[in-house]
Amino acid sequence: MEQTLSIIKPDAVKKGVIGKIIDRFESNNLRIAAIKKLQLTQCDAQSFYAIHKDRPFFKDLVDFMISGPVVVMVLEGQNAVAKNRELMGATNPKEAAAGTIRADFADSIDANAVHGSDSLENAKNEIAFFFGTREIC
Ligand code: ADP
Ligand code: MG
């Protein structure tokens, strides 16, 4: 059993597809172990994406992530990290496989609907960034 962090990004929250995205997880044996909706601060977004701080798209990424509320979740299940990445599809929605969340709900590489941890180690850190242990059931 693994846990991974998922974020429904501001574009998907604005479109009103929170429920449709959560359905993808629940229909594929990923249980919602924790969930909350919040508005990230600039400081939150810069810290969360610190790994990308030297990339040319960093400022746009931070600005986008604070452009509206997000929904943050802990997903739990067998191979949760890889399964979530598979359900999400490629970073660029134009390259995302048919039927993936990004193919169905994302508009561009900037506004790409969801975040998902890319390794078990990053998942642990990202979960701890957003949730206390008592918030994860
Ligand atoms: P992923 O979200 O698929 O794990 P990355 O961790 O590589 O992708 O990048 C984090 C986020 O930064 C992406 O989801 C996307 O919103 C943004 N991003 C990545 N690459 C680019 C790019 N070349 N141009 C603009 N935004 C990008
Ligand atoms: Mg990533």
Any pair with Cβ under 6 angstrom, 6 or more apart, that starts in the stretch 30-41 at a residue that is surrounded by 12 or more Cβ atoms within 10 Å (Cβ to Cβ) and ends at one that is aromatic (Phe, Trp, Tyr): Ala34/Phe131
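Residue by residue, here is whether (1) more than 20 Å from Leu30 (Cα to Cα); (2) open to solvent by 20 Å² or more (accessible area, probe 1.4 Å) holds:
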site	(1), (2)
Phe64	yes, yes
Pro69	yes, yes
Ala80	no, no
Ala90	no, yes
Gly99	no, yes
Ala103	no, yes
Ile109	yes, yes
Asn112	yes, no
Qualifying positions in the stretch 3-26 - open to solvent by 50 Å² or more (accessible area, probe 1.4 Å) and touching a residue at least 60 places away in the same chain (Cβ under 8 Å): Gln3, Lys15, Lys20, Arg24
Ile51 being within 15 Å of ligand 1 (Cβ to nearest atom) and open to solvent by 60 Å² or more (accessible area, probe 1.4 Å): yes
Verdict on Gln46 being free of Cβ contacts under 8 Å to residues at least 60 places away in the same chain and either over 16 Å from Leu5 (Cβ atoms) or buried (at least 20 other Cβ atoms within 10 Å of the Cβ) (or both): yes
Test: residue in the stretch 30-46 that is touching a Lys or Arg at 6+ places or on another chain (Cβ under 9 Å), away from ligand 1 (no atom under 14 Å from the Cβ) and modelled with pLDDT of 95 or more: yes
All positions within the stretch 26-57 that are part of a helix (DSSP H, G or I) and of a type in the set (Asp, Glu): Glu26, Asp44
Filter result for the condition that a residue is small (Gly, Ala, Ser) and within 18 Å of Met1 (Cα to Cα), over Gly99, Gly68, Gly132, Gly116: Gly116
Which numbered condition Ser119 misses (of (1) touching a Leu at 6+ places or on another chain (Cβ under 8 Å); (2) within 15 Å of ligand 2 (Cβ to nearest atom)): (1)
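The values are calculated or read from the model by the stated rules, or taken from the named source; none is laboratory data. The shown structure was predicted, so the numbers you read here are calculated from the model rather than taken from an experiment. When we count neighbours, we look across all protein chains shown, and the Cβ atoms used for this are built from the backbone with ideal geometry, even at glycine. With ligands, DNA and RNA removed, areas are computed over all heavy atoms of the protein, side chains included. Shrake-Rupley method; radii C 1.70, N 1.55, O 1.52, S 1.80 Å.
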